[in-house]
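We did not get these values from a lab; they are worked out from the coordinates using the rules stated. These numbers were taken from a predicted model, which means no experiment stands behind them. Here the Cβ positions follow ideal geometry from the backbone for every residue, glycine too, while neighbour counts run over all protein chains shown.
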Amino acid sequence: MGLKSDSWIREKSLNEAMIAPFVDRLEGEGIVSYGLSSYGYDIRVSDEFKIFTNINATVVDPKRFDTANVVDFVGEVCIVPPNSFALARTVEYFKIPRDVLAICLGKSTYARCGIIVNVTPFEPEFEGHITIEISNTTPLPAKIYASEGIAQVIFLQGDEICETSYKDRRGKYQSQTGITLPKIL
């Protein structure tokens, strides 16, 4: 298994729409950077968020998720409350090749502020927008900037093609286009 470089990511994105929209360089002047980097791609967070709230005092249950646990927010800056959590989605839509596993890691700019993005794998033949899990681990409100970088994706190509891909097993989050809440099939 090998880590893939910028030229491989560019070729797959331009010729096979692996990442769309695709930004062919790292954009970073006065913003949290996004776009193509040396061995990865810095993804952007859209302007759609679901912010966790305790207003309804329900229990967070991944098997029976209650939508009363979140409030919808659309805007250029999302404020995540202290010691709280938000969901968002990427601007980019992904089509992961069958012989590739991608891993999403939080950007250090946010991590240095106590804002953590969950490490998430994108399995072979996953397709869709990525739902991003953002934790504010600080006792202070935290800003998340829409249309700017939130995490980096690295791509690992397998030595052989997997027997069963995410698409083959009809993964529950396949082809998601918005923020997708937890679900059990």
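Those residues that are of a type in the set (Ser, Thr, Tyr) and over 17 Å from residue 128 (Cα atoms), I need them from the stretch 1-23; list them, please. Step through it out loud before you land on a result.
Here is the first cut: in the stretch 1-23, the ones of a type in the set (Ser, Thr, Tyr) are 5, 7, 13.
Residues satisfying the conditions are 5, 7.
In the set 90, 58, 53, 67, which member is touching a helix residue (DSSP H, G or I) at 6+ places or on another chain (Cβ under 8 Å) and in contact (Cβ under 8 Å) with a residue 12 or more places away in the chain?
On the way: 90 fails: touching a helix residue (DSSP H, G or I) at 6+ places or on another chain (Cβ under 8 Å); 58 fails: in contact (Cβ under 8 Å) with a residue 12 or more places away in the chain; 67 fails: touching a helix residue (DSSP H, G or I) at 6+ places or on another chain (Cβ under 8 Å).
From the options 90, 58, 53, 67, the qualifying one is 53.
Residue by residue through the stretch 122-137, note down the ones that are among the charged types (D, E, K, R) and assigned to a loop (DSSP other than H, G, I, E, B). First the steps, then the outcome.
Within the stretch 122-137, the first condition is being among the charged types (D, E, K, R), and the residues that meet it are 123, 125, 127, 133.
Across the stretch 122-137, the qualifying residues are 123, 125.
For residue 113, state whether it is touching a residue at least 24 places away in the same chain (Cβ under 8 Å) and in a loop (DSSP other than H, G, I, E, B).
Details: touching a residue at least 24 places away in the same chain (Cβ under 8 Å): yes; in a loop (DSSP other than H, G, I, E, B): yes.
Here the answer is yes, as residue 113 does meet what is asked.
Mind checking which residues of the stretch 1-31 are part of a helix (DSSP H, G or I), surrounded by 12 or more Cβ atoms within 10 Å (Cβ to Cβ) and not acidic (Asp, Glu)?
As a first pass, look at the stretch 1-31 and keep what is part of a helix (DSSP H, G or I): 6-16.
Narrowing the set further to residues that are surrounded by 12 or more Cβ atoms within 10 Å (Cβ to Cβ) leaves 6, 8-14.
If the condition is that a residue be part of a helix (DSSP H, G or I), surrounded by 12 or more Cβ atoms within 10 Å (Cβ to Cβ) and not acidic (Asp, Glu), then 8, 9, 10, 12, 13, 14 are the ones that fit.
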